[in-house]
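Take a look at the structure set out below.
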Amino acid sequence: MADYNRTITPRGYQQLILDLIQLHTQKRRSIILELDCGMGKRVITYELLTRLFPDKRILLIVLSSSSLHETSAFLQHEYGGVNGFNWLGPGISGSFARKILTESRVVLCTPQKLANILTKNPEIARTFDIVIINEIDKIVRRMGSRRVLVYPWSTLLELFTSSLIIGMSGTLRDSHYVLDNEQLEIRKELNTLLHYLPNSELIYMDSLAGTDIRKFTKVTSIELVGVEDPTISNLSNIITDELKEAYREIKEALKVEAPDYLAQLSEIGPQALLQAPVSLELRSKAQTLALIRKYLFSMVPSQLKKFLHPPLPIDSSMLPTTPQKILKVVELAKKTKKIVVLCSYLKTARTIVAYLQRVNIKAFLITGKVLDKNAILQQFREYPGQAAIVMSPVGERDIDLPEAEQLIIFDSVRTTKTVYQQLKRIRGGTGVFLFYANSYEARKVKSIVKSIIEKYPWSIKVNSPMP
């Protein structure tokens, strides 16, 4: 079956990936591909659907509704089209979805929609030759117990035992926690994927050395910007001291109730204490304090104050009136024509937008509640003056903005991979980590940046000294 008019010429490293996939699949081996952000996973996908496997029945699974729409658009319009293509959009009835899955050569879908159909019609799953999974790393739970995979992947992978799997990810270099009664294990996510896809070959970024990949690698410079706020520093120290006491109480309980678990903590770190097999009361106290400390660095005072209650020795009168990190965002935005700001909470994002507008910087907001992200992105890209786009975690998903010169991470999460993927949304440029000086947040940022440098040395450099 001939494909439509093709408009793509793969780069050298992309062609090597395609050659390796063809070689391994001919031997009936599945594939796990690590290809860094912005290096052309969509190009690889299109080539698989059209040139390498033009006659195969293929399921293409993306993990979010926004990815579903964007992937459908680029396959059908941007890259020249795919023969026999259809997709399971929202609102499609079960009977029509079964018809699409039965009659189409290539079907694009989300895992949830697919699982709803295939659990009732498992015979359809066996008709697909190849299953391509985008962002395969995200099928692994960050903290797992009896369920190591995110729902509904355990069910789906059992249905696809007769299909070849091609899983793609921007990075496969993080770990996750696996708990089983009193046993706690830190496991490489790659090892977990290989366990569930045992007949697989790995194509790693390191496999592409010697190709033209460095020619297309855009290095992101990191700057660490400390923000002075003695009030926040003091509050951080108070909460940290309370959290240390909560951790001490958990450890005392573990000495009696789960000494084997306690023995593993030095290897895994204090986060494991939040999931320790002790009383719910002890765990809840520590979890609450850890969340409040996170909120201290990421929320505006009006939102944070509702979480301050006894026995924590802090009340709303101790909170600062002006969020100094937001003032720093404004300061940085004044020096940059196009800037991206990522933050964890909607109220913080809206407050940042308001402060930017006060100094006549055009500010755009994208959150999970925005239905047409592309329209806002286009306005940001085309705006002739200084512009900023502020995004929440759900809003920023699957968005790339190479037009921006600078990206600010307002508050950092702990997962190295997530932070790295955030940095690469601007495909180069400068990534700025904001943190409150002389606080726990400074130590946290230092730890995250150190991990990023170790795991992604080919595309990251640090311009400022570590805090």
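The values are calculated or read from the model by the stated rules, or taken from the named source; none is laboratory data. Quantities reported herein were computed from a predicted structural model and do not represent experimental measurements. Ideal geometry is used to build each Cβ from the backbone, glycine not excepted, and the neighbour counts take in all protein chains shown.
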request  = Quick one: Ser200 ticks every box in (1) modelled with pLDDT of 95 or more; (2) over 26 Å from Leu20 (Cβ atoms) except a single one, so which number is it?
outcome  = (2)
query = Out of region 255-294, which residues are polar (S, T, N, Q) and not in a helix (DSSP H, G or I)?
reply = Gln264, Ser279
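For region 167-254, which strands (runs of 3 or more DSSP E) that fit wholly inside it have 3 or more residues that are aliphatic (A, V, I, L, M)?
In region 167-254, the matching strands (runs of 3 or more DSSP E) lie at 220-227.
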request  = Name the single residue, out of those in region 21-65 being part of a helix (DSSP H, G or I) and among the polar types (S, T, N, Q), that is farthest from Leu208 (Cα to Cα).
outcome  = Ser65
request  = Could you tell me which numbered condition Arg141 fails, if it satisfies all but one of (1) touching a residue at least 40 places away in the same chain (Cβ under 8 Å); (2) under 30 Å from Phe435 (Cβ atoms)?
outcome  = (1)
Qualifying positions in region 187-245 - touching a His at 6+ places or on another chain (Cβ under 9 Å) and of a type outside the set (Ser, Thr, Tyr) = Arg187, Lys188, Glu189, Glu201, Ile203
remark   = Filter region 54-108 for residues that are among the polar types (S, T, N, Q) and more than 22 Å from Asp137 (Cα to Cα); the one that is surrounded by the most Cβ atoms within 10 Å (Cβ to Cβ) is Asn86
inquiry  = Just to verify a result, which residue in region 134-166, among those that are part of a loop (DSSP other than H, G, I, E, B) and of a type in the set (Gly, Ala, Ser), is surrounded by the most Cβ atoms within 10 Å (Cβ to Cβ)?
reply    = Ser163
query = Of Ile314, Ile409, which residue is surrounded by 15 or more Cβ atoms within 10 Å (Cβ to Cβ), in the same structural domain as Ser284 (by TED's automatic domain parsing) and among the β-branched types (Val, Ile, Thr)?
reply = Ile314
message = Would you confirm, using the coordinates I've provided, whether Leu68 is in contact with a Phe, Trp or Tyr (Cβ under 9 Å, 6 or more places away or on another chain) and either assigned to a strand (DSSP E or B) or acidic (Asp, Glu) (or both)?
response = no
